[in-house]
Amino acid sequence: MFIDVFTLRNENDMKTITSQEEALKLFEENSIKQAQTLKTGNYKLGNECFDNKIKCLSYLYKTNGMGMLEQLLSHENVGVRESASYAYLSVCPQKGEEVLSEIANGNYGIHSFNAEMILKEWKKGELKFIFMDD
């Protein structure tokens, strides 16, 4: 099986994903950074982190590692939980919905709104998993 090379751009350097464990770690790190940018307004870094998260998810998807996201569903950072639960809908919809509902009904600002919108699109059958696109 051929796996594409997934190279992440991180501010001043590049990082190539070489394992599922590394993809999961980088996904977590970029989810935390992106959540911070929502507070600081650094949209350039936020967009970079989003792109990196999608590359990590694509790697996990193509290597059958999506189940590894389960360990992030109880992460202390709501941005990590939100991002992981979105992707986890593709693996275990019930668990993904449970975490997104908790976030949507909590007091997490933009994360609550995002979780609500993800659930809305999911229930309409219109949610896109962009990490599955080639």
Query raised in the report: Could you give every pair whose Cβ atoms fall below 7 Å, whose first residue belongs to region 81-93 and is acidic (Asp, Glu), and whose second residue is open to solvent by less than 40 Å² (accessible area, probe 1.4 Å) and part of a helix (DSSP H, G or I), counting only separations of at least 6 or pairs across chains?
Result: Glu82/Ile103; Glu82/His111; Glu82/Ala115
Report summary line: By my count, helices (runs of 4 or more DSSP H) wholly in region 21-134 with at least 2 residues that are hydrophobic (A, V, I, L, M, F, W, C) and open to solvent by 60 Å² or more (accessible area, probe 1.4 Å) are 110-124
Report summary line: Selection from region 89-134 of residues among the charged types (D, E, K, R) and at pLDDT below 95 yields Asp133, Asp134
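The values are calculated or read from the model by the stated rules, or taken from the named source; none is laboratory data. From a predicted model like this one, the values you see are computed outputs, not experimental measurements. Glycine also receives a Cβ, built like all others from the backbone with ideal geometry; neighbour counts cover every protein chain displayed. These area figures cover heavy atoms from the full protein model, side chains too; ligands, DNA and RNA do not enter into them. Shrake-Rupley method; radii C 1.70, N 1.55, O 1.52, S 1.80 Å.
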